[in-house]
Structures are given as structure tokens and as C-alpha cells.
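The values are calculated or read from the model by the stated rules, or taken from the named source; none is laboratory data. All values derive from a computational prediction rather than experimental measurement. Every residue, glycine as well, gets a Cβ built from its backbone with ideal geometry; the counts of neighbours run over all protein chains shown. The protein model used for the area step is the full one, side chains on, heavy atoms only, and it has no ligands, DNA or RNA in it. Shrake-Rupley method; radii C 1.70, N 1.55, O 1.52, S 1.80 Å.
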Amino acid sequence: MTNGAYPRSADDRGRQLELAAQQKELQRFNEIAMAPRPERDDEDVIDLREYWNVLMRRKWTLITVLAVSMVVALLVSFLSTPIYRSTLLLQIEREEGKVLEYQSLTPEETVNAKDFYQTQYELLQSRSLARRVIDQLGLQTSNSFSQEDEASYLAGLIRELKAKISGSDTAQAPQEPDLEELFLENLNVSPVKNSRLVRINYESPDPEEAAAIANAVADNFVNTTLERRFDASSYAKTFLEERIQQVRANLEDSERRLIAYAREREIVNLDDKLDILMQKLKEMSSQLVMAEAQRIEAEAEYQEMAEDDGAGNINVLESPVIQKLKERKAELESEYQEKLRIYKPGYPKMQQLQQQIAEIRQEIAQESASIGNSVRTTFEAKIRQEAKLQMRIGEIKDEILALQDRSTDYQTLKREVDTNRELYDGLLQRMKEIGVAAGIGTNNISIVDAAEVPRLKYKPSLTKNLAIAIALGLFGGVLLAFLFETLDDTVKTSEDVEKRVGAPVLGVIPLSHAKEHGIDEEDMPLLASKDPKSPLAEAFRSLRASLIFSTAEGAPKVMHFTSPSPGEGKTTSATSTAITFAQTGSKVLLIDADLRNPSLHRAFSLHNSSGLTNYLAGDSKAAEIAQPTQVPRLFAITSGPLPPNPVELLSSAKMLDLVSLAADRFDYVIIDGPPVIGLADALVLANLASATLFVVESGGTRASPLEGSIKRLRAANAVILGAVLEKFGRGGSGYGYGYSYDYHYTYNYGGGAEEAALPKQAST
């Protein structure tokens with residue numbers, strides 16, 4: 001059921017059934033249009049072309065900032081007082097040139113000389129040095145300082161005025177200008193990289209004064225360095241004399257206590273005795289190691305002898321006596337075996353041989369026992385030797401510990417004497433060195449090139465100021481351009497439109513201008529017919545192709561064109577789309593449903609005395625209000641006289657009948673509707689159409705109205721098939737074909753000469 005249409009008869013119920021069927025088709029289109037689309041995976045990629053497009057869109061901002069910067073640079077260059085710079089080259093060595101190889105009294109730098117040189121640079125810019133130069137040259141009366149004093153005095157007055165305004169109780173009278181600060185502001189210390197040289201620069205409006213001050217700074221720096229060293233030498237000498245007297249008294253007292261202690265304990269030389277004992281301990285420890293090894297060897301041999309009764313002992317096996325006895329035994333046993341073949345064992349000769357073999361066996365056993373007793377004796381001797389060595393080592397250690405106990409106090413007193421003597425000798429030597437070095441005026445600072453009177457001004461430099469102005473202007477211009485671009489919330493690209501509309505961009509229409517094609521402004525909607533080769537016509541043919549492939553059944557039969565606000569090109573889009581469909585041989589009906597500010601009759605030069613309002617509010621037939629156009633197969637229904645109640649007419653049942661009849665009689669029906677802009681007209685038309693095409697002006701449509709319009713359309717169950725990006729290529733979009741046109745939308749209810757009186761039914 002459409003808004004504002006209520007069933008009054010059986011025909012109305014039939015129309016409701018038709019409307020329900022149409023709503024199902026609209027929902028299907030909506031599902032297709034709102035299908036999720038794959039997200040781009042390159043959102044984080046930096047697009048340099050987009051940055052370039054931003055700069056091109058904001059080029060006048062960039063040019064303006066750059067021009068202002070250059071003008072300011074020129075004014076500063078030609079109006080500023082010329083300043084001259086005089087430069088002096090100074091060499092600073094890490095150590096002063098030494099006539100004598102004595103250590104310096106001032107702290108010497110470490111291997112890293114960074115701290116040393118940084119100290120020298122700060123001394124060159126110290127207030128005390130500045131005051132010496134000011135007093136020496138009498139700069140208090142200098143004209144250059146007077147001018148700067150004036151500025152400083154004014155600054156002091158401003159600070160005083162601010163203090164009074166803020167109500168501070170600490171307000172005081174303006175202080176006298178600080179000459180040291182003014183001096184140091186014009187002084188520049190510039191170290192030469194990778195060298196021991198430093199440049200002293202001084203800037204002044206007077207070139208002769210600049211050279212004199214630079215030379216005076218170097219001379220006074222050298223003099224102050226020598227003065228600090230001389231003062232350090234005098235102080236060190238006085239300090240050392242007092243310290244030497246105290247250390248001498250301590251040395252004499254420690255020597256007396258050492259002698260008294262040695263006499264009391266009868267100590268002559270502890271070091272020699274301790275060395276002898278340590279040598280003995282070392283030798284006895286070596287012998288103990290050897291005795292322990294020998295004892296382990298004898299013990300192993302003894303255990304082996306005890307386990308197998310000495311039969312397998314190497315001493316037994318290698319004994320010459322046992323070997324001879326075994327040989328004799330073997331001979332007798334062999335002789336016994338041979339005679340056993342002849343004689344019986346009881347034969348006297350055989351018994352004699354048996355007795356001899358038994359005697360030899362007894363001798364072998366006795367010899368083995370003797371060797372075993374020898375091994376045991378050796379093992380026991382080694383044990384006793386090891387025990388005696390351990391005992392002796394213990395005795396030596398006791399003697400060493402006792403000697404160390406007795407010498408502890410002695411060594412303490414001796415160390416105290418040695419320490420006092422070394423300290424006394426060092427202080428005495430240092431005092432002698434200071435006495436010799438105090439009269440030597442060597443210095444580690446020397447002037448390489450004295451400052452000369454400059455002939456050319458140092459600043460203002462026109463080239464330098466222009467270079468800085470160009471750099472700052474470009475930076476500021478780019479920054480301001482991107483700031484304006486960030487604050488600009490208009491949509492410019494198809495990506496912006498897709499993100500905010502939630503539907504694809506079906507066509508991108510370039511910006512064109514009527515003058516470029518030799519036609520009037522009113523004829524711009526017909527450019528696709530008048531100039532088929534134009535970029536605008538090509539773009540709408542591309543839109544037509546996108547519509548054909550937008551659904552499985554092809555382009556929707558009834559299409560509704562709308563936009564967020566007036567003047568965004570929806571009439572041009574609707575008219576040109578209808579022309580491109582008609583050019584393919586399709587029969588197309590174009591309906592001007594903008595009953596508040598119609599424009600279709602002007603585009604096609606048609607009369608508007610009878611149109612859509614006559615059909616909706618009167619008795620006109622549909623065939624009577626449809627007019628042929630100069631484009632073959634394209635028919636148009638103009639708005640007719642403007643009614644006071646457009647939304648009621650558009651939501652009536654007759655409007656639904658008209659759309660249904662047109663869909664049956666024509667291949668395509670295109671409705672040029674009004675903008676959304678908070679009214680209900682576009683919502684009603686969106687429900688009558690199969691699909692809605694949302695027209696967005698590139699660089700003209702703002703994000704907030706766009707999103708609000710889409711939200712209203714979706715709340716009304718409108719099928720947003722896609723968007724059309726119009727006027728792409730204008731100053732805000734960064735792309736185009738080089739064409740431009742102006743399309744104005746005057747939104748009012750107003751009347752005119754061509755607005756005829758409505759039928760009576762229109763006012764009911």
C-alpha cells in the first residue's frame with residue numbers, strides 16, 4: 001500500500017494485490033543491491049596519486065600561501081637594516097704547549113674531548129667575557145647597541161604593562177637594558193667539524209665594529225685562560241706548602257713508632273725468613289706428592305700379592321731364581337714321564353725323581369714367600385714416609401702462621417711509613433714543578449686568522465630569504481591544503497560514495513560544460529543525443545550497461561532517480577539514461593515527478609500546460625499526457641501545473657496505476673523525482689519504482705545529507721540499486737575530462753507564466 005492511498009473499492013483491493021507483488025520484487029532487488037561486497041585489502045597502502053589529486057584540487061590555496069610567503073620575504077629583505085658579519089678563526093688545543101714535562105694544574109680532559117671543547121665554547125659565550133669586551137671597547141655608547149637597547153626597553157615596558165593589567169604586585173619600573181644579552185645575541189661560536197678550530201662570528205650594523213668586537217673576544221678569551229691558570233698555580237703552591245708540613249710530621253711520627261716496635265720484638269728481617277719457610281713448604285709439598293704416588297703403587301702391588309698368594313705377581317714371575325727352579329722342575333717332570341713308560345712309580349729311581357720334584361716345588365714356594373715379604377715391607381715403608389712428610393709440612397705451616405702473627409703489627413706500621421713517605425715525596429716534587437711552571441706563560445689557545453672588516457652585508461640575504469619563504473610557503477600551503485581537505489566532508493570519489501551509500505557506483509559522469517559543445521544550458525540533459533561521441537554520452541552508455549547487468553533479469557523496468565539535495569544532476573542523469581536506452585531500440589517513458597521544481601519540459605522544449613498533475617488530480621487520460629520527444633522511441637510526461645499538495649498526489653492510487661500501465665506499455669519507465677531533503681516525495685516514488693538510483697555530485701554533496709537521505713530511503717524500504725557519481729572532475733574531485741557545466745536547481749513552490757491553473761480536483 002502506498003503512502004496516502006486508502007482502499008475504497010474492489011479495484012483498490014486489486015491494486016493492493018498488485019502492489020504486494022511489486023513489493024516482493026522490490027525486496028529481491030534490495031537483497032541484490034545490499035549484498036555484502038569484498039573489502040579492499042589495500043586500505044593501508046599509501047596512494048601517492050590521491051595526495052597529488054588533493055594538491056591539484058587545492059592548488060590555489062597552495063599558490064596563495066606561497067605568494068604571501070614570498071611577498072613577506074621581499075618586504076623583510078628590502079626593509080631590514082643591513083647587518084655585517086666579521087669572522088675570526090681560533091685554534092684550541094687539548095693541552096697547552098709544554099716547555100717542561102709537568103702535569104697541568106687545571107683538570108686535563110679524558111680520551112673523549114667532547115666535554116673539554118664544549119666547556120671552551122660555553123666560556124666563549126659567557127656573560128663575564130661579554131662584560132670585559134663591552135668595558136674594553138666602550139660599547140655602552142655604541143649606536144648599534146642603542147638601537148637594540150631601544151627595542152629591549154620597549155619589550156620591558158610591554159612586560160611591565162602586562163604585569164599591571166594582570167594585577168601583579170611585583171610590578172617594578174622598567175629595568176635597564178641588559179647589554180650582555182644584546183652582545184651575546186649577536187655573537188656566534190661555530191666549531192669547525194673534525195678539527196680543533198672554532199669560528200667566532202659577530203654581527204653588527206657597523207662593519208668596523210663587528211671586526212673590532214670579534215678580535216676583542218678572542219684576545220680577552222686568551223687572557224682570561226692565562227689568568228685562570230696563574231691563579232690556580234698560586235693557590236696550589238700555598239696549599240701544597242701547608243700540606244707538606246702536615247705530611248712531614250705524620251711521616252716522622254710513623255717512623256718512630258716502627259723503630260720502637262721492631263726493637264721491642266727483636267725483629268730484624270721478617271721477609272727473608274718467611275721466604276725460606278715458604279720455599280721449604282713448597283719443596284716438602286712436592287715430596288709429599290711423590291711419596292703419596294709411591295705409596296699408592298706399593299699398596300696396589302701388595303694387594304695383588306695378597307689376593308692370589310703371589311702366584312701371578314710380576315715380581316714372582318720375573319724372579320731369576322724362581323725361573324731357574326721352574327726350568328729344573330720341568331726337566332725332572334719330563335724325565336719322570338719318559339721313564340714312566342719303562343718303570344713303575346714304585347721303582348727306586350722313579351721315587352728319587354719324585355723326591356727331587358717335591359724339593360724344587362718347596363724351594364719355589366719359599367722364594368715366592370720371600371718376595372711377598374719384601375713387597376709388604378716396601379709398602380709399610382712408604383706409609384711411614386708419607387706420614388713423616390705430612391707431619392713436617394704441618395710443622396712448617398705452623399711456623400709460617402706464627403711468624404705472620406708476630407709480623408702483623410710490624411707490617412701495618414711499615415705500610416704507614418711507606419705511604420707517608422710516598423705522599424711526602426709526591427707533594428714535594430709537585431711543589432717544585434709548580435714553582436718552575438708558574439713563570440711560564442704558555443697557552444693552548446691561539447688566533448689563526450684575525451677578524452677583518454667585512455665589505456658585503458651578511459643579512460638580509462634576498463636569495464636565502466626567498467628560499468626559506470618558498471620552503472615555508474610550500475610546507476604551509478601543503479599543510480593548509482590537507483587541512484581544508486580534511487575539513488571538507490563532501491564526497492569526491494566512487495569509493496566514498498560506495499562506503500556511505502552502501503551500494504555500488506553504477507556510473508561515473510564527467511563534468512561537462514555547455515559552451516564546450518556549442519549548446520545552451522537548457523540543452524545539457526540532451527547532450528547524449530546531440531553529441532553521442534562526447535565523454536558525457538560515453539559515461540551514460542556505461543551507466544546503461546551497468547544497469548543491464550545489475551540484476552539477473554537485466555535493467556529494472558521502473559527506475560527512480562533522486563539525490564540528497566537540489567542541483568546535483570539527477571535530471572541530467574535521468575534524461576541521459578532514458579536517451580541511451582532509447583538509442584538501443586527500447587521504448588522508454590520519462591516521467592517528471594518533481595512537482596515542486598520541474599525541469600523536464602524545459603530540457604525537451606515541451607509544453608507544460610498538461611502533465612502528471614492533470615492525470616493525478618483531474619480526468620486526463622494517460623495517453624493524453626505522454627508527449628513524444630525529438631529522441632526516437634523516447635516519450636515524456638511533464639509535471640503539469642504545480643500543485644500545493646505534491647506528496648498526496650504522488651501517493652495516490654492513480655499514480656500506482658500510471659506506473660503499472662507504463663511498465664506494461666513501455667520497455668523502461670524512468671522517474672525523475674525530487675531530492676530527498678527531508679520531504680516525503682522521494683520516499684513515495686521509491687516505493688513505486690522497482691529500483692532507485694541515487695545521484696551524488698562529486699565535490700558538492702556533503703556526507704551528512706547523503707547519509708541522512710540514505711537512512712530515510714532505507715527506512716522507507718526503498719530498493720537502492722546503486723549510485724551515480726555526477727560532475728566528476730570538478731575542483732573538488734581531482735579527476736575529469738576537461739569539461740564543465742553549471743546545473744542549478746531552484747527549489748520553490750513559486751509560480752510562473754507557464755504554470756496554468758490546476759483542475760478543481762487538485763485542491764481537494
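When you scan region 541-551, how many residues do you find that are touching a helix residue (DSSP H, G or I) at 6+ places or on another chain (Cβ under 8 Å) and assigned to a loop (DSSP other than H, G, I, E, B)?
Total meeting the criteria: 2.
So which residues in region 279-294 are in contact with a helix residue (DSSP H, G or I) (Cβ under 8 Å, 6 or more places away or on another chain) and among the small types (G, A, S), if there are any at all?
Correct list: S285, A291.
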**OP:** Output yes when any residue across region 630-643 is touching a strand residue (DSSP E or B) at 6+ places or on another chain (Cβ under 9 Å), among the polar types (S, T, N, Q) and closer than 30 Å to V491 by Cβ, and no when none is.
**Re:** yes
**OP:** Taking V696 as meeting all but one of (1) aliphatic (A, V, I, L, M); (2) more than 20 Å from G611 (Cα to Cα); (3) open to solvent by less than 10 Å² (accessible area, probe 1.4 Å); (4) out of contact with any strand residue (DSSP E or B) (no Cβ under 8 Å at 6 or more places or on another chain), write down the number of the exception.
**Re:** (4)
Original post:
How do the pairs read when you match residues in region 617-640 that are at positive phi with residues anywhere that are surrounded by 12 or more Cβ atoms within 10 Å (Cβ to Cβ) and aromatic (F, W, Y), using Cβ under 9 Å and keeping only pairs 6 or more apart or on different chains?
Top reply: R633/F581; G640/Y615
**OP:** Taking the residues in region 499-540 that are open to solvent by 50 Å² or more (accessible area, probe 1.4 Å) and at pLDDT 85 or above as candidates, determine which candidate is nearest to A723 (Cα to Cα).
**Re:** V508
Original post:
Quick one: would you say L423 is part of a helix (DSSP H, G or I), open to solvent by less than 40 Å² (accessible area, probe 1.4 Å) and in contact (Cβ under 8 Å) with a residue 24 or more places away in the chain?
Top reply: no
Subject >> Pairs where the first residue, in region 341-369, is open to solvent by less than 80 Å² (accessible area, probe 1.4 Å) and the second is small (G, A, S) and in a loop (DSSP other than H, G, I, E, B), C-beta under 9 Å, 6+ apart >> reply: E367/S319; S368/G310; S368/A311; S368/S319; A369/G310
Original post:
Pick from L480, L472: which is open to solvent by 70 Å² or more (accessible area, probe 1.4 Å), in a helix (DSSP H, G or I), modelled with pLDDT of 85 or more and on the phi < 0 side of the Ramachandran plot?
Top reply: L472
Subject >> Within region 662-684, considering residues that are farther than 13 Å from F635 by Cβ and part of a helix (DSSP H, G or I), the one most open to solvent (accessible area, probe 1.4 Å) >> reply: D664
Original post:
Of everything in region 652-688 that's among the β-branched types (V, I, T) and in contact with a strand residue (DSSP E or B) (Cβ under 9 Å, 6 or more places away or on another chain), which residue is nearest to A715 (Cα to Cα)?
Top reply: V676
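Kindly provide the set of residues from region 566-625 that are aliphatic (A, V, I, L, M) and either in a loop (DSSP other than H, G, I, E, B) or open to solvent by 10 Å² or more (accessible area, probe 1.4 Å) (or both), ordered by number.
Hits for region 566-625 are A593, L595, L606, L616, A622, A623.
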Original post:
Considering region 491-510 alone, what residues qualify as being out of contact with any Asp or Glu (no Cβ under 9 Å at 6 or more places or on another chain) and in a helix (DSSP H, G or I)?
Top reply: S494, E495, D496, V497, E498, K499
Subject >> Only one of M290, M391, M284 that is at pLDDT 80 or above and either exposed (fewer than 12 other Cβ atoms within 10 Å of the Cβ) or among the acidic types (D, E) (or both) >> reply: M391
**OP:** Determine whether L182 is more than 20 Å from L89 (Cα to Cα), at pLDDT 60 or above, assigned to a helix (DSSP H, G or I) and out of contact with any Pro (no Cβ under 6 Å at 6 or more places or on another chain).
**Re:** yes
**OP:** Could you figure out which of (1) more than 13 Å from A593 (Cβ to Cβ); (2) touching a Pro at 6+ places or on another chain (Cβ under 6 Å) isn't true of G678?
**Re:** (2)
Subject >> Residue list for region 375-420, filter: closer than 27 Å to Y261 by Cβ, among the aliphatic types (A, V, I, L, M) and touching a helix residue (DSSP H, G or I) at 6+ places or on another chain (Cβ under 9 Å) >> reply: I396, I400, L403, L413, V417
